[in-house]
Every structure is written in C-alpha cells, then in structure tokens.
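Everything below concerns the one structure shown next.
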Amino acid sequence: YIVNEGKYINHCTEKYNSDILTNDNIYFKLIAIKDIPKNKEIVCNYDIINNKFPFIDNSKEYYKKC
C-alpha cells in the first residue's frame with residue numbers, strides 16, 4: 001500500500017498532517033493527525049516516518065522545507 005499510494009503523500013518538515021501506523025509491519029495505516037481541509041495536500045514528515053520504518057526513505061537536502 002505504501003509503495004502504491006505513498007507517491008501521493010508529500011513531505012513537510014513542520015506542518016505535516018498525517019502519520020503512518022502499523023501493528024505488524026505488514027499492514028500500514030495512513031492516519032490524519034489533524035483535520036485536513038478539502039483540496040489540501042496530505043503531507044507527512046519523512047524523517048519521523050523513517051525513524052519508525054527505516055525502509056521508508058527520509059527527506060533529502062533538496063526537498064522543500066515548509
């Protein structure tokens with residue numbers, strides 16, 4: 001799921017609105033951690049996600065900081 005749908009989630013260092021959870025490292029859930037208004041981007045902090053799940057890439061120097 002992350003491989004297929006993760007391409008639609010953008011990176012934001014400070015104003016992220018989603019997170020990824022799992023109980024078994026097989027099935028993952030994308031959750032909103034705050035209300036996301038209609039037509040707004042779904043963004044997560046790649047570095048926080050990478051700390052929990054090292055197989056998910058962290059942010060790169062050239063990524064836009066927001």
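For the stretch 4-46, the set of residues classified as surrounded by fewer than 14 Cβ atoms within 10 Å (Cβ to Cβ), among the hydroxyl-bearing types (Ser, Thr, Tyr) and in contact with a Phe, Trp or Tyr (Cβ under 8 Å, 6 or more places away or on another chain) consists of Thr22, Tyr27, listed by residue number. May I ask you to list the residues in the stretch 12-30 that are without any contact (Cβ under 8 Å) to a residue 40 or more places away in the chain and within 26 Å of Tyr62 (Cα to Cα)? Matches in the stretch 12-30: Tyr16, Asn17, Ser18, Asp19, Ile20, Leu30. Each residue in the stretch 18-66 was checked for being in a strand (DSSP E or B) and closer than 18 Å to Tyr8 by Cβ, and 11 pass.
When only residues in the stretch 47-66 that are over 17 Å from Asn25 (Cα atoms) and within 11 Å of the chain's Cα centre (by Cα) count, which is surrounded by the most Cβ atoms within 10 Å (Cβ to Cβ)?
If we filter the stretch 47-66 for residues that are over 17 Å from Asn25 (Cα atoms), which is where we start, we get 47, 58-66.
Among the residues that remain, those that are also within 11 Å of the chain's Cα centre (by Cα) are: 47, 58-59.
On the way: Asp47: 14, Asn58: 14, Ser59: 17.
Out of the qualifying residues, it is Ser59.
Just so you know, all these numbers are worked out from the coordinates, no wet-lab data involved. Quantities reported herein were computed from a predicted structural model and do not represent experimental measurements. Neighbour counts are summed over all protein chains in view; Cβ atoms, including those assigned to glycine, are modelled from backbone coordinates with ideal geometry.
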